[in-house]
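Read through the structure below, which is laid out as C-alpha cells, and then see the notes.
Computed from the coordinates by the stated procedures, all read-outs in this text should not be read as laboratory data. Fair warning: this is a prediction, and the values are worked out from it, not measured in the lab. Cβ sites come from the backbone with ideal geometry, for glycine too, and all protein chains shown count toward neighbours.
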Amino acid sequence: MKCPNQECGKECRGKFCDECGTRLPPRRADVITCRGKDDDGELCIEPLKINQKYCNNCGRKIDLSDFEIVKCHLCGDDYHRVEKRCLKCMKQEAGGKLVQIMQVFNVPPWYPVL
C-alpha cells in the first residue's frame, strides 16, 4: 500500500509507514463471504462486495470493518477480520480436520478462504 502522505508516497506494509510514520488505512478485501444465517438457519455464505450495505440473501447488515484484512497475532498470516482467526491457526486448532469442520457448518468446498 502506498503511504497517504503526499511528501512520502513510499510503498509500505503494516499499520504505519516505515519511512514517515503516517498511519496507513486498513487493507480491505474486495469480496468476502457472508456469515449471516439464511431462512433455514444455515450459514448464508453469499459472496459480498465492498459496496453492498446488506446481504441480498439473508438481509444481514454489512459492516465495512468485515472487509478489513488483519494479521494473525500467532503466526503472522493475513485473514479477513470477520473470520475471527487465520486458516493456518484454525487448521492447527482442529488437528488438521478442517474438512470435517467445514462439513459440520455446511461450508461448500469452493468457499474462499485466505
So who's got an amide H within less than 5 Å of the one on Lys37, skipping anything under 5 residues away but keeping other chains? H placed 1.01 Å off N, in plane. Cys44
Net charge of neighbours whose Cβ lies under 13 Å from the Cβ of Lys10, counting Lys and Arg as +1 and Asp and Glu as -1: -2
Once phi is turned into ³J(HN,Hα) by the Karplus curve 6.51 cos²θ - 1.76 cosθ + 1.60 with θ = phi - 60°, what whole-Hz value does each residue of region 3-20 show in order, with x for glycine and proline? 4, x, 5, 4, 6, 9, x, 6, 6, 9, 9, x, 8, 10, 5, 7, 9, 10
